[in-house]
Each structure stands twice: as C-alpha cells, then as structure tokens.
1. Report the calculated FRET efficiency for Gln216 and Glu314 (r = Cβ-Cβ distance, R0 = 35 Å), to the nearest 0.05.
2. Which value in deg cm²/dmol, rounded to the nearest 500, describes the helix-derived mean residue ellipticity at 222 nm for the chain, given -39,500 (n - 2.57) per DSSP H run of n ≥ 4 and division by the residue count?
3. What does the charge count around Ser389 come to, taking other residues whose C-beta lies under 15 Å from its C-beta (Lys +1, Arg +1, Asp -1, Glu -1)?
4. Percent relative contact order of the chain, based on C-alpha pairs within less than 8 angstrom and at least six residues apart?
5. Tell me, how many Å apart are the Cα centres for segment 173-194 and for segment 361-418?
6. Pull out a ≥ b ≥ c, the square roots of the eigenvalues of the alpha-carbon gyration tensor of segment 124-347, then state rounded if a/c is under 1.5, prolate if not and a/b is larger than b/c, and oblate in the remaining case.
7. How much of the accessible area of segment 179-338, in percent, comes from carbon and sulfur atoms when a 1.4 Å probe is used?
8. Tally the DSSP beta bridges in segment 124-347 and give the antiparallel ones as a percent, rounded to 5.
Amino acid sequence: MNNSVLQITSPLAAAVVSVEVKLGDQVFKGQPLANLESMKMQTLVTAPENAVITAVLVASGDTIQAGQLLFEIEAGSATSESTEQVVSEPLGSGTLLDDLQTQLAYSSDAARPNAIQRRHKKGYRSARENLADLCDQNSFVEYGQLAVAAQRGRKDADSLKLETPADGVITGLATINSAEFGVQASQVAVILNDYSVLAGSQGYFHHKKIDRILDQAGKVGLPVVMYTEGGGGRPGDTDVKTQIAGLDVPTFARWASLSGQVPLIAVNNGYCFAGNAALFGCADIRIATKTSWIGMAGPAMIEGGGLGSFAPTEIGPIDIQTENGVVDLVADNEAHATQLAQQCLGYFQGDMHAWDSADQAELREMMPLDRRFVYDIRSIIERLVDTDSFIELSQPYGPGIVTGFIRIEGVAMGLIANDCRVLGGALDAEAADKAARFITLCDQFSIPLLSLCDTPGFMVGPASEEQAAARRMANLFIAGAKISVPLVTIFLRKGYGLGAMAMAGGSFHHPRFSAAWPAGEFGAMGLEGAVRLGFKKELAAETDEAAREVLFNKLVDNMYQLGKATEAAAHLEIDAVIDPADTRAVIVRALGISD
C-alpha cells in the first residue's frame, strides 16, 4: 500500500491550548490532534484519516496564524487496532443534556405529585393535562418553561424550581384542529395559568411570559386560547427592586389590543379573581365550568377595602355570571370546556368539507298555523343548519334573542334569531346589546351572518327605559350598519317596527338578500297595537263589549292582509317569499357558497 504525507494547517488565527499527540503516534480518523482558542472559543484540529504523526510543529502556548503548518502525518500507516477506536462525545455533553432534562422535569406533573393530587381530589385537571387535551399531539412548542418566581432572595434555587415551575403559567404555540382545517389554519397561541403554582397568581416573569406570547400572536395573527384560573396579582416577588406597584406591566393592554384582530377564547375553571378576571372578561368567547367563580376582586381585596368578609364561593358564581352575560358558554367540567374551546375555534379556522343536514321539508310543518301560538326557534335552527353545527352563546343573557355559530354546507356563519317564547320575540335592551356584540364579532373575523327574524319590535315602556333602552338598542343599529360581511335575513313570521329593521342590519334592503316564509307579516308596529292606536275612536264608539271584540279582530285581520309577506314582496320591501324547505338553498345561493 502506498502511504502519502499530508500536511495539517490551522483553520484560523489562534492560541494553542494543548497538543494531544506526539511524534510517532498512531491516530485514527477524527481523533483530536490539538485544541486551539480564538475569541474565547475553542476549536479541535482532528486527523482527516487513519495515520501516523511524522512531524509536530507547534506546542502548547504558541500563537499561530490561519494556514500555519501544525502537523505532518503519513496516511494509511495506522495499525488495524487503531481503527477500532471511535470518536467520543465532546467533553461534558452528557452532563449538559442530563442537567437540562433534570431542570425541565421540575415543570412536569410527575415532579409535583402532591399538588396534582390536590387538583384531582377536587375533580380538577392539572394545567398540563388541559394542555395535552387542547392541542394536537406533539404540536406544542413551549416558551419560558425554565422560568421560576422572582423570589431568589427568599428561597433557594431547588425550592423555586419545585414550587414555582414555569412561574405559574404555561405559554407557547401549537396547532388545534389541524386534522379538520390543516396545519397552516390551525396555528394557535396558548396560555394556561397554573393554579397549582402560587394559586395561579401573576408574578414578574409570569407577566413577561404572557407578554412574549401575546406579542407573537399579534405579529403573526394567531388566535389565542387562555385558561384563566388564578388569584390575580402576586405581591411576593421580592427580587423585583425597580417598581412600586407594577402597574406599568403591558399584559392587559396587549391582551385587550388583540380584540378584533385575532380571536380570543378564554376558558375558566375554579377561582378567577382580579387580574385573571380582567383577562377573562376581555375575551371574545368566554367559557367557564360549573365550578367557576369569577370576580374583579377576591376575598382578601374585598375585605381589605372594608366591604365585608366573603368566602371565595360567594363571589361571582356561575349562575350569576351566565345571567349577566359574563360567561358565554357553561361547561360541565374542564374536559367539556376544552372541547367547547376547540369547537368555537373551528368557526374561525375555516370550512368543513364533510357535512350533513336534516330533511328540509320538515321546516314546512314547524310554523303554527295560528299566528298567536309560539314555537321552538332552536328546533327550526337545528333542522335548517348542518347537523350538530349549532353552538349557542350567552343563552341566559338577553334570552329574547338567540346568538351563536352555525354551518351551512360546511361554511361557518354567525346566527341571530328572535325567540318568540320570550317577550313574544320583542328585543329588550339586554338582547340588543347581546346581538350587537355578536354581530361585531362576526364582522371582525369575516364570518357571514344569518338573521332569522320574528319580532313585534323593540320592547317599550317605562321599565324598558330604565334599562337605557335608547342607548343600548341603538347599539344594534350601529353594529348592523357597519358590517362588511354578507348578511341574509329570513323573516319567519313577524317583522314589525324598528326591531325588525335592526334584525336586518338597520333596513330591509341592507342584507344581501331578505326573504320571508309564507307566514311572514309586516307593519310599522304590531297589528294589535296599531289597531288600538289607529282606530281608537271607532273602538270606543262601540259600546257592546262583544261587538267591540268582533270589530277589533276584523280590523286586525284587515291590517294582516295588507301586511302579508306576499304584499311586502310585491311592494319590494323584501326581496322574495320562499318555501321554508328552500331556505338552505336560498342562503347558499345568496352567499355564493360553492363546493
């Protein structure tokens, strides 16, 4: 075998830290020959192949230049024994990796069995259990996992790692629903406040972690799902020496500024007080379990303000917070809440390719023949839309109107509908507020709207005015007038007065298409009221009570005939009268939905 002499030169200007071989040594490919240091960084010079050292031209401590000759070797001269050696791992690599895994393990549930057991004993899940259930498998990229509370002056490092892992909040990026909508459409920012760590309180690094992930969500345009359980601000972060009250933190402004820019979904279980409640309240969709208590202050703050002593379960219980519109969806438990968050998120992520629907002919039989009888609007909705696609928001609040998300032929839409079983379908101030907020939400995220109208108008009277009716009902006109998304209005039965106009975005000609079922009836005000007001003298002139009732019914029927759906269509106040069984098809064509 022919042996060749190779010259080994320095790859850079450096100082020689050590020379690892001597003249005559047999070396194998990859074996270190010398260690060089430049700009505080060390570089190993290694053998390019199996060889014997024939010249050593440097020594430890030498200063060398790039390209300077260091060694001469005779390739192919090494014995067979030397070729059996293998390159070892860099010094300390195993130790570094082991140390990293040890530190990361502090934030796992397995490292804190007692804390997790306490959660389970209450029937709750850990933050990381919720995280695993929420996100697609192996999709979560965590930010700030190694953070601990800013309390190094109070506790040793190991105690902080064990007691305050991740500083009480898990943040990162993930995909949710990628199997349905694809990876690109399913990117989400995730924040889970961890109540098992210092009661989920908001500390210095806790805030910085949330700020960091919200900043990423804003830059990239990602929806955010936040679990909000926690007790608010934390006073015990003694390492922080450069602030007085900490009221300059940007967390709340950043979170609120994302409203209308990206979908914000909040999920709560357990206690949610002070700053945590403020975060919950800013979300577009607010989901809470039956075991939730939500308040802008917890017991200590309330008592400290001289307002009395209360148990945490007396502050903002779920029944109160659903009736007043704080909570949009009530979940049985955290697993159910997580499923609702995934479902709600899906309406912002895209269309479903697979869908089914009920027999549309059933809609013909769902409107009572007698116009005075009520019916179940939700049964109509369930048959009209894609099967299992309807999710209603804020049902106990402003119950005279139904708001929620639906799909028709897989396309996500927003729905508003009057419930004639509540106030006869009249819109009170709460219902108007509720509808206005929902319409604005859909418009902000380009979700088309469907309005199912059956209303005698806005609720009137002194009691209504005590609810700030003029201001709050006007919000519905403002929201409707500003929409840029397509709106389709279907008049199921009554379309009277300003309330009906508001259900159509402010005018019957504001929707892309407005149509009525054959039972549709229209007027400037409810028929009975219009007769009593317009024919007051005639009715008063009839002294016989029975005859007066006959006259009243006759006048009502005359006005009904004048305001029938076909007459409204003939006068071009609405665009069409349709067979109820064709409602889906009309909506699809009006919105330009295609396969």
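The values are calculated or read from the model by the stated rules, or taken from the named source; none is laboratory data. On a predicted model such as this, the values are computed, not experimentally measured, just so you know. Because the Cβ atoms are built from the backbone with ideal geometry, glycine has one as well, and the counts that use them run over all protein chains shown. Areas reflect the complete protein model, heavy atoms only, side chains present, ligands, DNA and RNA absent. Shrake-Rupley method; radii C 1.70, N 1.55, O 1.52, S 1.80 Å.
1. Rounded to the nearest 0.05, the efficiency is 0.35.
2. -9500 deg cm²/dmol
3. Within the 15 Å Cβ shell, the charges total -4.
4. So the answer I get is 7 percent.
5. 29
6. Oblate, because a/c is 1.5 or more while a/b does not exceed b/c.
7. The value for segment 179-338 is 57 percent carbon and sulfur by accessible area.
8. Percentage antiparallel, nearest 5: 35.
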